[in-house]
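This report refers to the structure that appears directly beneath it.
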Amino acid sequence: MTTDRDEPVSRSRRAFLAGGGLMVSFALFGSLRVSAGQENTLGATILNPKLPGDLKIEPMLDAWIRIDASGVTVCSGKVELGTGVRTALWQVAADQLALPLERFRFVTADTALTPDEGYTAGSHTMADGGTAIFHAAAQVRAMLVDAAARKLAVPPERLVLENGVIKAPDGRQLTYEDAAAGLDLHRMATETSPPSDPSAYRYIGKSVPRVDILAKVTGGAAYVQDMRPDGMLHARVVRPPNHGATLVSADVDAVSRMPGVVRVVHDGDYLAVVARGEWQAVLAMRALQASARWRQTETFPDNATIHDVLKTLPRLDYVTTRQGVDGEVHQAAPVANAAPAAASTGARVERVEATKQYVLHGSIGPSCALAVWRDGILTVWTHSQGVFPLRAGIAGLLGLPKEQVRCVHVEGSGCYGHNGADDVAADAALLAHRMPGAPIRVQWMRDQEAGWEPLGPAMETSLEVATDADGALTAWRHALWSTPHNERITNPGRLLPAWLVSQSIAPSPPSPIPQPEGDADRNAVPLYRVPDVRVDMHFVTQMPFRTSAMRSLGAHINVVTIEAMMDRLAAAHGKDPVAYRLAQLDDPRAKAVIQRAAEAFGWTANPALPPNRGVGFAFARYKNLMGYCAIALEVEVDPDRRAVRVDRVVTAVDCGQIVNPDGLTNQIEGGIVQSSSWTLYEQVRIGAVGVESVDWQSYPILRFPQVPARIDVHMIDQPGMPFLGAAEIAQGPTAAALVSAVAQATGRRLLRLPLVPHLWP
Amino acid sequence: MIELTVNGATHRVDVDPATPLLYVLRNELALNGAKFGCGMGQCGACTVLVDDRPVFSCLYPVSSTAGRRVRTVEGFGTPEKPGPLQQAFIDRQAVQCGYCIAGMIVRAQALLERVAHPTEQQIREHMNPNLCRCGTHMRILDAIRAVAATGELHRAGEKGPAS
Ligand code: FES
Ligand code: FES
């Protein structure tokens with residue numbers, strides 16, 4: 001018995017293993033899935049909630065690790081998005097298998113070969129995917145030792161593992177391949193694994209150079225953009241000028257006759273060209289675009305009114321509460337128009353409001369994908385964050401059973417969340433499906449990426465906090481307004497081309513990622529000690545602009561709001577902001593990063609600063625579940641040149657056991673620079689015709705002259721502790737520290753992001 | 001037929017003379033280094049050297065390369081023997097997604113061939129046209145500074161840059 005999801009897996013796994021020793025049956029999954037539990041927040045189904053990490057989703061060991069005559073293969077459903085996780089996961093597998101890195105293959109995200117780990121997102125990769133590999137590898141290692149012990153007739157504890165060989169005291173030895181012969185790894189993982197000694201790791205904790213960098217700096221094939229299969233054709237799409245616009249006419253015939261053009265596709269409001277040469281495709285696209293007449297059907301708010309408009313739109317209200325300082329975080333079922341929270345009472349009540357404009361993911365390389373429809377299988381090469389949900393979406397869009405669609409991850413330009421990756425994969429699939437046999441490469445143009453990627457949502461927050469006479473927090477009321485942060489591919493209608501074709505499919509209704517991870521309300525529940533917390537998320541369900549996940553989701557503005565409040569309360573009670581934060585925290589790891597950052601920065605309560613300079617401090621533990629991050633920084637503003645210069649940034653982070661210190665530093669530095677860009681400069685211009693930011697001129701981001709002079713990253717390692725996600729942990733604290741430093745430098749506490757255009761309009 | 005010299009080798013390609021150099025490099029010559037980012041001269045992902053000057057290959061018509069030497073990141077070294085900037089980027093792991101990186105290396109090469117020991121400000125101003133969205137700037141600057149300190153690309157320049 002198989003389920004619809006499993007059949008193609010087992011089929012292609014069989015192909016993958018052809019000739020190998022481990023022919024597997026996935027029949028067991030069928031019965032497991034009947035009693036399957038809920039989906040996790042990344043769109044994968046939990047089968048065994050007791051297992052560590054993503055073994056919950058894929059509990060069978062041979063889904064992760066296979067050993068046959070050709071060697072050892074480790075599989076991960078997570079993908080490299082430019083954060084270095086491919087190398088880090090590889091390191092984890094190597095230590096736990098006691099195998100040198102170069103002695104085994106490492107395969108990532110391919111619907112035919114790897115476990116389904118849902119999306120690679122939310123700083124989950126090391127925490128969930130890394131943990132799964134950590135345990136699966138340890139369990140397989142133990143099975144190998146046991147098998148070798150039987151074959152060599154030696155007690156397992158007398159065997160030594162070295163460089164892929166299992167050695168007996170008398171000098172006899174077996175390779176892993178020999179030991180695995182006849183061994184069935186198609187076994188359910190167990191809840192606990194044989195222990196490993198962190199002090200004996202050869203790779204974990206070391207700055208192993210990333211496996212992908214050499215090709216990237218020497219012009220090797222590294223991206224889906226670099227694939228050139230024989231017979232490949234180039235496609236370009238023509239998009240409506242804005243959401244909802246319908247096509248009146250387009251000169252398909254004239255464009256069909258242009259040089260190199262093989263096909264012009266016109267289906268409802270969907271337009272595309274397919275040509276032999278890439279430049280020919282671009283010229284044909286331009287001609288088709290110039291000829292197209294559209295009718296606008298929607299009106300759009302502008303940057304000045306968007307936050308007011310958000311408050312008028314249909315919404316669902318999600319109320320999250322925490323009662324008692326150690327209380328559970330409880331999120332109630334949504335209601336339409338919940339009653340507002342009662343006013344906070346206390347010796348002193350402070351209020352902070354913040355706004356954020358729409359932001360672009362803004363990948364440097366516009367989204368790209370390749371697809372071919374051949375022998376009844378549609379294969380799609382994609383830089384999607386989630387090949388399994390994408391496969392389901394594409395299958396639904398084309399009316400194919402899932403087993404006829406295979407999605408293979410190949411790197412693209414960094415995405416930072418839900419950008420055009422899935423949509424362009426759907427474009428490629430749609431076109432390839434109409435042109436059997438021909439590999440079709442689709443790449444979006446810059447204006448298409450900017451105009452049609454799901455935006456990071458505009459948001460407004462309002463926080464009211466009561467304190468007693470000593471400054472202790474007594475009540476916390478956080479309200480926020482936002483459109484969805486998680487419009488991932490839960491149905492084919494979440495793929496943009498599905499809206500445009502004549503047989504259009506509507507997106508499934510939005511639904512937020514629940515607490516404690518949170519959506520727009522991510523990080524809205526404070527880590528600070530407060531006995532009475534209420535967060536009202538006004539989840540706007542009708543989107544004036546399409547929005548979805550962008551690094552850190554609501555945490556960016558929520559941390560800004562919370563930390564601005566902590567600064568204000570510190571000032572109100574005459575306390576140093578760092579000391580005040582420490583006094584409101586119980587978590588020792590939180591305090592440790594704050595102390596470390598303050599110390600390394602040389603934080604003093606009232607620094608004597610020259611005019612136009614300011615310092616800021618901020619802290620957050622991402623989602624209250626992942627890495628801890630504290631940041632201190634110094635800025636100088638130049639009102640004449642309308643510029644903010646970030647002088648030095650000092651950060652301390654705790655991400656549990658560190659797998660690759662240099663990789664972690666790289667991520668933190670990147671997060672700080674990226675969040676500086678968002679916070680200081682970035683906003684999508686919106687107006688009567690919709691999204692008006694179509695290029696880097698109309699959407700300025702930070703450039704080299706504006707990059708901080710210096711960033712110092714201090715890491716607190718926790719050997720033997722769980723891996724905690726890192727990639728998005730600096731986004732909130734960076735923004736909050738900047739807001740604070742700029743306030744000091746300018747004397748204006750501005751909580752409207754981005755700061756620079758609001759400071760000097 | 002259009003003739004062009006890329007990384008010291010001469011190629012003849014059958015394309016519309018108005019085709020931007022980028023498309024010829026990537027498709028006709030199967031070179032991956034120069035990337036499409038914006039097609040508008042706004043991001044630098046497509047940067048290559050034409051007679052030692054950095055140009056946006058997404059805008060530069062292939063026909064304009066006649067009589068000129070085109071260099072791409074592939075010409076600076078190989079995986080076996082990376083060039084000085086490539087090695088510095090590897091040493092500092094100055095890559096996140098890496099999509100911008102070939103363009104960064106090419107633009108930096110132009111500066112370091114011309115100026116032996118550029119100042120921090122010169123480096124930042126020179127790199128201004130190239131965008132990185134991952135925030136790898138600190139490491140990119142660090143890698144460029146490291147090669148600038150040796151002055152080795154400039155010395156190579158004095159001998160007449162190898163093509
Ligand atoms: S692709 Fe040429 S400058 Fe952006
Ligand atoms: S490393 Fe990703 S854009 Fe620069």
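I need a count of the residues in the range A:391-417 that are part of a strand (DSSP E or B) and within 16 Å of ligand 2 (Cβ to nearest atom).
1
Mind counting the residues in the range A:260-289 that are open to solvent by 70 Å² or more (accessible area, probe 1.4 Å), outside any strand (DSSP E or B) and without any contact (Cβ under 8 Å) to a residue 24 or more places away in the chain?
The first filter runs over the range A:260-289 and keeps only residues open to solvent by 70 Å² or more (accessible area, probe 1.4 Å), leaving A:263, A:266, A:276, A:286, A:289.
Now narrow it down to the ones that are outside any strand (DSSP E or B): A:276, A:286, A:289.
Going one step further and asking which of them are without any contact (Cβ under 8 Å) to a residue 24 or more places away in the chain, we end up with A:286.
Number of matching residues: 1.
Return the total of residues in the range B:52-70 being more than 23 Å from B:LEU131 (Cα to Cα) and open to solvent by 10 Å² or more (accessible area, probe 1.4 Å).
Step one: of the range B:52-70, the residues more than 23 Å from B:LEU131 (Cα to Cα) are B:62-69.
From the residues that got through so far, the ones that are open to solvent by 10 Å² or more (accessible area, probe 1.4 Å) too are B:63-64, B:66-69.
Number of matching residues: 6.
Of everything in the range A:141-172, what is within 21 Å of A:THR190 (Cα to Cα) and of a type in the set (Val, Ile, Thr)? Give them in sequence order.
Listed by number, the list holds a single entry, A:VAL145.
Kindly provide the set of residues from the range A:396-423 that are buried (at least 24 other Cβ atoms within 10 Å of the Cβ), away from chain B (no Cβ under 14 Å) and in contact with a Ser or Thr (Cβ under 6 Å, 6 or more places away or on another chain), ordered by number.
Scanning the range A:396-423 gives A:CYS407, A:HIS418, A:ASP422.
Only one of (1) open to solvent by 10 Å² or more (accessible area, probe 1.4 Å); (2) within 24 Å of A:GLY362 (Cα to Cα) fails for A:VAL387. Which number is that?
Every listed condition holds for A:VAL387 apart from (1).
Quick check: is even one residue across the range A:379-395 within 14 Å of another protein chain (Cβ to nearest Cβ), at pLDDT 95 or above and within 16 Å of ligand 1 (Cβ to nearest atom)?
no
Would it be correct to say that A:ASP567 is without any contact (Cβ under 8 Å) to a residue 40 or more places away in the chain and open to solvent by less than 40 Å² (accessible area, probe 1.4 Å)?
No; evaluated as a whole, the condition is false for this residue.
Which condition breaks for B:GLU80 when tested against (1) open to solvent by 10 Å² or more (accessible area, probe 1.4 Å); (2) within 27 Å of A:PRO366 (Cα to Cα); (3) away from ligand 1 (no atom under 16 Å from the Cβ)?
Against the list (1) open to solvent by 10 Å² or more (accessible area, probe 1.4 Å); (2) within 27 Å of A:PRO366 (Cα to Cα); (3) away from ligand 1 (no atom under 16 Å from the Cβ), B:GLU80 comes up short only on (2).
Assess whether B:GLN93 counts as being open to solvent by less than 40 Å² (accessible area, probe 1.4 Å), away from ligand 1 (no atom under 16 Å from the Cβ) and in contact with a strand residue (DSSP E or B) (Cβ under 9 Å, 6 or more places away or on another chain).
When the stated conditions are applied, B:GLN93 does not pass them.
Could you list, in sequence order, all residues of the range A:239-261 that are β-branched (Val, Ile, Thr) and out of contact with any Ser or Thr (no Cβ under 9 Å at 6 or more places or on another chain)?
Passing the criteria: A:VAL248, A:VAL261.
Within 29 Å of the chain's Cα centre (by Cα), among the aromatic types (Phe, Trp, Tyr) and within 8 Å of chain B (Cβ to nearest Cβ): is that true of A:TYR203 in this structure?
So A:TYR203 fails the test.
Looking at the range B:74-103, which of the residues that are within 14 Å of ligand 2 (Cβ to nearest atom) and more than 7 Å from chain A (Cβ to nearest Cβ) is farthest from B:ASP51 (Cα to Cα)?
B:ARG92
Residues that are within 11 Å of chain A (Cβ to nearest Cβ) and within 22 Å of B:PHE36 (Cβ to Cβ): does the range B:110-127 have at least one?
yes
Which number in (1) under 30 Å from A:PRO544 (Cα atoms); (2) surrounded by fewer than 17 Cβ atoms within 10 Å (Cβ to Cβ); (3) hydrophobic (A, V, I, L, M, F, W, C) marks the one condition that A:ALA254 misses?
Of everything listed in (1) under 30 Å from A:PRO544 (Cα atoms); (2) surrounded by fewer than 17 Cβ atoms within 10 Å (Cβ to Cβ); (3) hydrophobic (A, V, I, L, M, F, W, C), A:ALA254 misses just condition (1).
Listed here are the residues, each with its yes/no results for (1) facing another protein chain (nearest Cβ under 8 Å); (2) within 16 Å of ligand 2 (Cβ to nearest atom); (3) part of a loop (DSSP other than H, G, I, E, B).
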{"site": "B:HIS11", "(1), (2), (3)": "no, no, no"}
{"site": "B:VAL24", "(1), (2), (3)": "no, no, no"}
{"site": "B:LEU31", "(1), (2), (3)": "yes, no, yes"}
{"site": "B:GLY41", "(1), (2), (3)": "no, no, yes"}
{"site": "B:GLY44", "(1), (2), (3)": "no, yes, yes"}
{"site": "B:VAL48", "(1), (2), (3)": "no, no, no"}
{"site": "B:LEU59", "(1), (2), (3)": "no, no, yes"}
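All but one of (1) open to solvent by 10 Å² or more (accessible area, probe 1.4 Å); (2) at pLDDT 50 or above; (3) under 26 Å from the mean Cα position of the chain (by Cα) hold for A:SER76, so report the exception by its number.
Every listed condition holds for A:SER76 apart from (1).
Name the residue, out of A:ARG228, A:ARG202, that is under 30 Å from A:ARG276 (Cα atoms) and assigned to a loop (DSSP other than H, G, I, E, B).
Within the list A:ARG228, A:ARG202, the selection yields A:ARG228.
The conditions are (1) out of contact with any Pro (no Cβ under 8 Å at 6 or more places or on another chain); (2) of a type outside the set (Lys, Arg); (3) within 16 Å of ligand 2 (Cβ to nearest atom), and B:VAL15 fails exactly one of them. Which is it?
Of (1) out of contact with any Pro (no Cβ under 8 Å at 6 or more places or on another chain); (2) of a type outside the set (Lys, Arg); (3) within 16 Å of ligand 2 (Cβ to nearest atom), only one is false for B:VAL15: (3).
Regarding the range B:52-59, can at least one residue be identified that is among the β-branched types (Val, Ile, Thr), without any contact (Cβ under 8 Å) to a residue 40 or more places away in the chain, outside the structural domain of B:CYS132 (by TED's automatic domain parsing) and within 14 Å of ligand 1 (Cβ to nearest atom)?
Yes - at least one qualifying residue is present in the range B:52-59.
Considering the range A:435-477 alone, what residues qualify as being assigned to a loop (DSSP other than H, G, I, E, B) and open to solvent by less than 10 Å² (accessible area, probe 1.4 Å)? Write out each step before concluding.
Initial filter on the range A:435-477 (assigned to a loop (DSSP other than H, G, I, E, B)): A:435-439, A:444-445, A:453-454, A:457-458, A:468-472.
Residues satisfying the conditions are A:PRO439, A:TRP444, A:GLU453, A:PRO454, A:PRO457, A:ALA458, A:GLY471.
Just to verify a result, which residue in the range B:13-22, among those that are more than 9 Å from every other protein chain (Cβ to nearest Cβ) and either at pLDDT below 95 or open to solvent by 40 Å² or more (accessible area, probe 1.4 Å) (or both), is farthest from A:MET227 (Cα to Cα)?
B:PRO17
Report yes if A:LEU101 is open to solvent by less than 10 Å² (accessible area, probe 1.4 Å) and touching a helix residue (DSSP H, G or I) at 6+ places or on another chain (Cβ under 7 Å), otherwise no.
No.
For B:VAL147, only one of the following conditions fails: (1) part of a helix (DSSP H, G or I); (2) at the interface with another protein chain (Cβ under 10 Å from one of its Cβ atoms). What is its number?
(2)
Residue by residue through the range B:104-131, note down the ones that are within 15 Å of ligand 2 (Cβ to nearest atom) and open to solvent by less than 10 Å² (accessible area, probe 1.4 Å).
Going residue by residue through the range B:104-131, those that are within 15 Å of ligand 2 (Cβ to nearest atom) are B:104-108, B:127-131.
Within the range B:104-131, B:MET104, B:ILE105, B:VAL106, B:ALA108, B:MET127, B:ASN130, B:LEU131 qualify.
Based on what the data block shows, is A:HIS243 open to solvent by 40 Å² or more (accessible area, probe 1.4 Å), outside any helix (DSSP H, G or I) and touching a residue at least 60 places away in the same chain (Cβ under 8 Å)?
yes
The values are calculated or read from the model by the stated rules, or taken from the named source; none is laboratory data. The model shown is predicted, which means the values in this text are computed figures rather than measured ones. When we count neighbours, we look across all protein chains shown, and the Cβ atoms used for this are built from the backbone with ideal geometry, even at glycine. Side chains included, ligands, DNA and RNA excluded: accessible areas come from the protein's heavy atoms. Shrake-Rupley method; radii C 1.70, N 1.55, O 1.52, S 1.80 Å.
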